[in-house]
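Worksheet for the structure shown next.
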Amino acid sequence: MTLDEAARVLAGAGTDNPRGEARLLFAHALGIDREQTLTAVATPQQALDFKALVMRRVAREPIAYILGRKEFWSMEFAVGPGVLVPRPDTETLIEEAMRLVPDRSVPVKIADLGTGSGAILIAALKEFPNASGIGFEASEEAFGWASDNAKRLMPGRAQIRLANWDRAQGPFDLVFSNPPYIPSAEIESLEPDVAHFEPRAALDGGRDGLSAYRSLAELLPNLLSANGHALLEIGLGQAQSLQNLFPNLEILRIAPDLSGVPRCVILRKA
């Protein structure tokens with residue numbers, strides 16, 4: 001299978017960037033950089049390997065799963081079945097934390113509730129070199145990915161615990177969470193990459209998409225230090241619905257992502 005053939009097949013499958021994805025898969029099959037794909041020649045075995053990768057993508061398996069990695073905050077995170085793929089929009093939480101704590105040398109204590117791949121926790125620790133952090137993850141599969149990423153990218157500083165987030169014990173200066181926030185009935189209407197492959201527990205926010213936030217509203221007052229802040233990712237159109245969900249917390253602001261979509265709600269003790 002050639003690059004042009006792969007691009008046509010991927011376009012027919014409805015992928016967003018068929019040519020770009022074909023080059024990524026070709027590079028992965030040959031073990032080369034993407035820049036080399038326009039001149040590289042595959043061996044017969046590599047051509048078969050490439051075709052197999054393309055067929056996985058045609059079935060709409062997330063390309064991050066196929067490649068086994070996803071970039072977040074300029075770091076490569078290992079990902080695969082059982083863990084949510086980190087999204088660029090989630091980087092908004094890190095940007096807002098840096099605004100809240102402009103002195104990067106402060107030894108803040110960080111928690112990441114539902115850490116998934118560990119991307120948020122590890123990115124935050126990268127920016128705060130004297131910080132310590134714990135990621136809580138209830139899924140054994142996601143816990144495995146997060147543990148591997150922590151050991152490779154932030155050895156000795158990022159703890160990953162196999163536990164529900166209600167097992168967390170504060171106080172923490174920064175509490176992050178990207179909770180499940182898709183209404184249950186809407187999951188099947190998502191892109192097949194997400195709906196059919198990524199873990200439902202990381203997506204399903206209950207009937208109205210707000211179940212996890214109700215749980216967090218009970219937990220956060222006891223987790224935050226006196227001057228601590230919580231930074232929670234939210235979904236499209238949820239900003240208004242959250243206004244009355246945190247009776248014991250004050251919403252400082254809701255920050256937009258790079259597309260202008262309200263993405264991060266920032267809270268502190270009332």
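Annotations
- Extreme residue, farthest from Asp166 (Cα to Cα), among residues of segment 232-270 that are open to solvent by 30 Å² or more (accessible area, probe 1.4 Å) and part of a helix (DSSP H, G or I): Gln240
- Subset of segment 60-82 (residues that are open to solvent by 20 Å² or more (accessible area, probe 1.4 Å), in a helix (DSSP H, G or I) and more than 17 Å from Leu190 (Cα to Cα)): Leu67
- Residues of segment 68-115 that are under 17 Å from the mean Cα position of the chain (by Cα) and among the small types (Gly, Ala, Ser): Gly68, Ser74, Ala78, Gly80, Gly82, Ala97, Ala111, Gly114.
- When the helices (runs of 4 or more DSSP H) confined to segment 129-231 are screened for residues that are in contact (Cβ under 8 Å) with a residue 24 or more places away in the chain and within 25 Å of Ile266 (Cβ to Cβ), those reaching at least 1 such residues are found at 140-153, 211-223.
- Residue check, Glu186 buried (at least 18 other Cβ atoms within 10 Å of the Cβ), under 20 Å from Arg87 (Cβ atoms) and not aromatic (Phe, Trp, Tyr): no
- Test: residue in segment 220-243 that is of a type in the set (D, E, K, R), at pLDDT 95 or above and in contact with a Cys (Cβ under 8 Å, 6 or more places away or on another chain): yes
- Annotation: Arg104 fulfils all but one of (1) closer than 29 Å to Leu232 by Cβ; (2) out of contact with any Pro (no Cβ under 8 Å at 6 or more places or on another chain); the unmet one is (2).
- Note on segment 9-39: residues that are in contact with a Phe, Trp or Tyr (Cβ under 7 Å, 6 or more places away or on another chain) and not in a helix (DSSP H, G or I) amount to 1.
- Segment 40-59, residues that are in a loop (DSSP other than H, G, I, E, B) and open to solvent by 100 Å² or more (accessible area, probe 1.4 Å): Val41
- Candidates Arg207, Arg200, filtered to the one that is among the basic types (Lys, Arg), under 21 Å from Val83 (Cβ atoms) and open to solvent by 50 Å² or more (accessible area, probe 1.4 Å): Arg200
The values are calculated or read from the model by the stated rules, or taken from the named source; none is laboratory data. None of the values given here were measured: they were computed from a predicted structure. Cβ coordinates were reconstructed from backbone atoms using ideal geometry, including for glycine residues, and neighbour counts include every protein chain displayed. Each accessible area value is taken on the protein alone, full model and side chains, heavy atoms only, with ligands, DNA and RNA left out. Shrake-Rupley method; radii C 1.70, N 1.55, O 1.52, S 1.80 Å.
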